[in-house]
1. For region 339-429, what does the alpha-carbon gyration tensor say about shape, rounded, prolate or oblate, given a ≥ b ≥ c as the root eigenvalues, a/c under 1.5 as rounded, and a/b over b/c as prolate?
2. Under the Karplus relation 6.51 cos²θ - 1.76 cosθ + 1.60, θ = phi - 60°, what is the ordered set of whole-Hz ³J(HN,Hα) values for region 483-491, x standing for Gly and Pro?
3. For region 481-574, what is the convex hull volume of the alpha-carbon atoms per residue, in Å³?
4. Which order do 140, 277, 357 fall in if you start with the one that has the fewest other Cβ atoms within 10 Å?
5. Ratio of Rg to Rh for the chain, alpha carbon only, Kirkwood?
6. Relative to the Cα centre, what is the charge dipole magnitude of the chain, using +1 at the beta carbon of each Lys and Arg, -1 at the beta carbon of each Asp and Glu, and rounding to the nearest 20 debye?
7. Assigning unit charges at the beta carbon (Lys, Arg +1; Asp, Glu -1) and nothing else, what dipole magnitude in debye, to the nearest 20, does region 434-533 show about its Cα centre?
8. Of 456, 583, 140, whose Cα points farthest to the positive end of the dipole of the chain (charges on the beta-carbon: +1 Lys, Arg; -1 Asp, Glu; origin at the Cα centre)?
Amino acid sequence: MPELGRAALVAALGLILYAALVGGYAAFRGRRRLLDSATNALFAAFAATGVASLVLLAALAGRDFSFEYVARSTSQELPTGYTLAAFWSGQEGSLLLWLLVLTGFASVAVALNRRLVREVLPWTVPIVAGVAVFFAFLLVVIASPFDTQAAPADGAGMNPSLQNPYMIAHPPMLYLGYVGLTIPFVFAMAALASRRIDERWIVATRRWTLAAWTFLGFGVLLGAKWAYEEVGWGGWYAWDPVENAALMPWLVATAFLHSVMVQEKKDMLRVWNVILVAGTFALSLFGTFLTRSGVISSIHSFTQSSIGPFFLGFIAVVAAFSIVLILSRLSLLRSRTRLESLVSREAAFLYNNLFLVALALTILWGVVFPLVSEAVRGVAVSVGAPYYDFFAIVFGLPLVLLMGIGPVVAWRRASLRSVGAQLTGPAVVALVVGVALLVAGAGSSPAGLVGYTFAAFVLTTIVLEFVRGTRARKAIGTGGWWPAFAGLVGRNRRRYGGYVVHAAIVILLVGAIGIGGFSTTQKARLAPGESMDVGDYRLLYTGAQEQRGANAQEVRAQLDVYRGDERIGTTEAGKNRYLAEEQTSNEVGIRTDWLRGEDLFVIADRFYGDGSVELKVIVNPLVNLIWLAGLVFVLGAVVAMWPDAREQRRLAARFAGEGAVARA
């Protein structure tokens, strides 16, 4: 079995090298048959990587501890779901997953655009193969998942913090995002190398970019849900370096998705867009470097790693390659179209881009500064939440405001009077909401008050956009309200799907402000029969219960929950002592009240020999809006990327016409 896995990886490396070298020669010399051969080698590399992945999955499922990777990552008592998830919980397995997804995505993207790749963008295959060579090399030479040993009686198990259902989905979701962002990068660089800088590479990768961006964003929220339930601290996002590493490429990809519309509509921002694509991919690699280099202390990172320098070198190669290629094609990329007015939709998109990139760069500096300080001065420093919170407010609130202003601003040029007239209604609603919150006592958090006011403004703008459009469709005779609404969205899925995504961001903002600015915390040490008050709740400690779980010894504090004199339910919190791993984890108690829109969050910090327990209890208002925002986000993204036959026909006619002119 391990021999088959190793052979499959060696074959994959050979095939990818062939695709890179022969594909590069074919693209340079214009040899289409050789390019087809390189393309077929890329497809075969995906198959070989699939064989290697099946070997590792079989070893995990069979708990074959003769594989060093299986012995390090699993144990006899580890539940089957987590045993299979160990595929991506460790260093070597996660790299294999990256290569599998990369070769799979590349194969599908090239197959779906084979004529475009063959005739217009021949550099696509060698560039994507060049990226894949790096990961295949690491797996064959540096970090193979198929190293063997004399099989021990039991494995070391899995880190207890990873033994959570959300962690089964969270890492693969991030990988689909990280690796998916390779596709627009590859096609953009191939367009530059092929000197074909029209919008065809954008059209070919639009849904790839949207899908990768969606996977990455939803993956970040899944990680937040995991942190909320498993880490046991009462929050949802801690500005951890690896959390930030996933957020940064998402922010830059968000900027690209906005600015690329300006290029499609007005043939502007060509240079800026290829810079954003290259920056997004480089940040994806940087996030992987942080996770695997061991240079930072994080519950997400692999502390024992020898591949950090290789990743750093590869990031430098990617950056240098991108910069040289962009500079060499600068004369082709420059557009004759100029920004006509600072009050226009193009300008709004540009402002949006500046704030998004500025936020990403300040987060990047917060992550990098401790590393630079330690390397240069030998002093270990840390950048805490106040730094990130400050810039999230400074750049985030204007971004929210722009989500409300942008939809009502016309392309090319708009008058302040017309914009003001359309924004009067949302502004009045926002003002009323702000005053009501101030009267209700929300003024203790000025940033939160402004955030809620802006949220009301944006949501009102979005609702009015849907209402105006639906009313106009109904007025031209499309039937009732629902057919008019469906027709409105169906005729411009990208626009109205984007509005739904904007609504999701606003909902997340409301939830984040609620948990960040208005939560209530109490601590107490209780003996059985004693109670504590927090907010409107009273918790009565009835005693501790201990039992044997699937692969851990579990102890739980049992609590009756009262509101006033009414008993409304129970909750429990405690700790798990994992036997194979010899580690202990917090197991929090969360009781959600959907009507009140809040969570009762209980942490059992310590159990004492006399039967008492030390509790930390938090009331988190509106936190569940964060998870609701994730579902709304996915809905909007699906609407935006749903195929549109009319748009496909229009693009086909456009590029067919351009091709006829070029041939003439």
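1. In terms of gyration-tensor shape, prolate.
2. Coupling constants for region 483-491: x, 5, 5, 4, x, 4, 5, x, 7 Hz.
3. 221 Å³
4. So the ranking, lowest neighbour count to highest, is 140, 357, 277.
5. The Rg/Rh ratio comes out at 0.99.
6. That gives the chain a dipole magnitude of about 4140 debye.
7. That gives region 434-533 a dipole magnitude of about 720 debye.
8. The Cα lying farthest towards the positive end belongs to 456.
Where a number appears in this text, it was derived from the coordinates with a stated rule and is not lab data. Treat the numbers as computed from the prediction; the structure is a model and nothing was measured. Ideal geometry is used to build each Cβ from the backbone, glycine not excepted, and the neighbour counts take in all protein chains shown.
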